Amino acid sequence: MIGLLLLVCAGCTSPRSAETLQRHEYHSDHMGTLFTIVLYATDAHDARDAARVAFERINALDETLSDYRADSELNLLREKPVGVSVPVSRDLFEVLERSRRMSRLSAGAFDATIGPYVRLWRFSRKRHLLPGAGELSEARQAVGWQFLALDPERRTVAMKVPGMRLDAGGIAKGYAADEALKVLRARGYSRALVAASGDLAIGDPPPGKRGWRIAATEIDSGTNFASRVFILRNAAVSTSGDTEQFIEIGGVRYSHIVDPRTGLGLTRRIQATVIASCATDSDALATAVCILGPRKGIELIERMPSAAALVITKDHGEERQHQSRRWPDRMDSGE
């Protein structure tokens, strides 16, 4: 997992609960990453079946929200006439509506209409060449969350300018983790956790514990060394940054995170770990904080009562930490 570790230690259950609830862990590849489900159950067969159904839910969401699949519902929207309202599925509308809310809160730092820039940037990474000024200018005409019209009553979407492409990469994995956790809860497994790379949706704690022990790793650790450990239950946490995904072009290090203001990958060394009430929010917020930078990013987090953040920056080899006011309350003081 990018920047996050689920810490598993001996004695995770009390003697009494260990007789009835056992830990089960399952893995499956979806949305270009590895999803992990951990749950506590009395019956291994039923636990495996619940995990299977949860993974099926994730796969269905991948088919809806993927920007890589040409036939995904998200991608098919770009084939619709400009300005025409198109009925969409409940999942797609929910993700786009949550994205628009995050765009408003972050003054556009998070933007699901960033697709034209992302497409350009992917080509640039393959060619190891920056996009030209003309390419960026053309893409810029089709980027802007204000150009996406949503009608909650009719559950329709309209793209108001030509060339728009949507990208849910900054929110889809968090949403999928939340939905998978809902599946597990509905089947009676509330003591569960769903991890989608750097996005974790967390349910009730393991038996005999106050919560799940999660660790944020160093920005450039290259190992699983956990320097900041915190305990969470019925919450979510996401980490975003360029620790693993980056490229150097012309001697400049560019992140895979594309800034909607420039159309280029971030050049600032930054990693943001965000705790929120759900993974949909923590996923989007972690991306927004990286784009806004530590000062404005922390200001965004402070405006959200249920959120907390740790932001790590690295300039000229010097690492600095920036914490929201609520972050220390989340730290693990031992069990």
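Okay, here's what the table says:
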| quantity | calculated |
| --- | --- |
| Ordering of 202-210, 163-171, 271-279 by packing [mean C-beta count within 10 Å, highest first] | 271-279, 163-171, 202-210 |
| 3J(HN,Hα) from dihedral phi, the stretch 133-146, Karplus parametrisation 6.51/-1.76/1.60, rounded to Hz, x for glycine, proline | 4, x, 5, 5, 5, 5, 5, 4, 5, 10, 10, x, 5, 5 |
| Relative contact order (percent, whole number), the stretch 82-196, Cα cutoff 8 Å, 6+ residue spacing | 34 |
| Spatially proximal lysines relative to residue 173 (Cα-Cα < 21 Å; intrachain offsets below 8 disregarded) | 182 |
| Accessible area of the stretch 166-295 divided out per residue, in Å², using a probe of 1.4 angstrom | 31 |
| Gaussian network model of the chain, springs between alpha carbon atoms under 10 Å - residue of 177, 142, 195 with greatest fluctuation | 142 |
| Between 0 and 90°, nearest 10: helix 44-65 axis offset from the chain longest Cα axis | 10 |
| Cα-based helix-to-principal-axis angle, 90-105 vs the chain, degrees rounded to 10 | 80 |
| Angstrom value of the Kirkwood radius, inverse mean 1/r, which spans all Cα pairs in the chain | 20.6 |
| Low-density loop positions, chymotrypsin sites (Phe, Trp or Tyr not before Pro), the stretch 14-106 - DSSP coil, at most 16 other Cβ in 10 Å | 68 |
| Cα-based shape type of the stretch 155-307, given that a ≥ b ≥ c are square roots of the gyration tensor eigenvalues and the cut on a/c is 1.5 | oblate |
| Under-5 Å amide H pairs with residue 34, H placed in peptide plane, nonlocal only | 197 |
| The chain - charge dipole about Cα centre, Lys and Arg +1 at Cβ, Asp and Glu -1, debye rounded to 20 | 560 |
| Carbon and sulfur %, accessible surface of the chain computed with the full protein complex present, 1.4 Å | 48 |
| Per residue value of the accessible surface for the stretch 82-130 (all protein chains in place, 1.4 Å probe), Å² | 47 |
| Using a Förster distance of 56 Å, the FRET efficiency for residue 82-residue 315 (Cβ separation, nearest 0.05) | 0.85 |
| Lysines with Cα under 21 Å of residue 126, excluding same-chain neighbours fewer than 8 positions away | none |
| In nm, spacing of pseudo-spin labels at residue 261 and residue 249 (7 Å Cα→C-beta vector) | 1.9 |
| Two-site label geometry, residue 101 and residue 296: point separation in nm, points 7 Å out along Cα→Cβ | 2.3 |
| Computed FRET value (nearest 0.05) for residue 89 with residue 49, which takes r as the C-beta separation and R₀ as 30 Å | 0.75 |
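The values are calculated or read from the model by the stated rules, or taken from the named source; none is laboratory data. In this text, all values refer to a predicted model and were calculated from it rather than measured experimentally. With ideal geometry, Cβ positions are generated from the backbone for all residues, glycine too; neighbour counts draw on all protein chains shown. Side chains included, ligands, DNA and RNA excluded: accessible areas come from the protein's heavy atoms. Shrake-Rupley method; radii C 1.70, N 1.55, O 1.52, S 1.80 Å.
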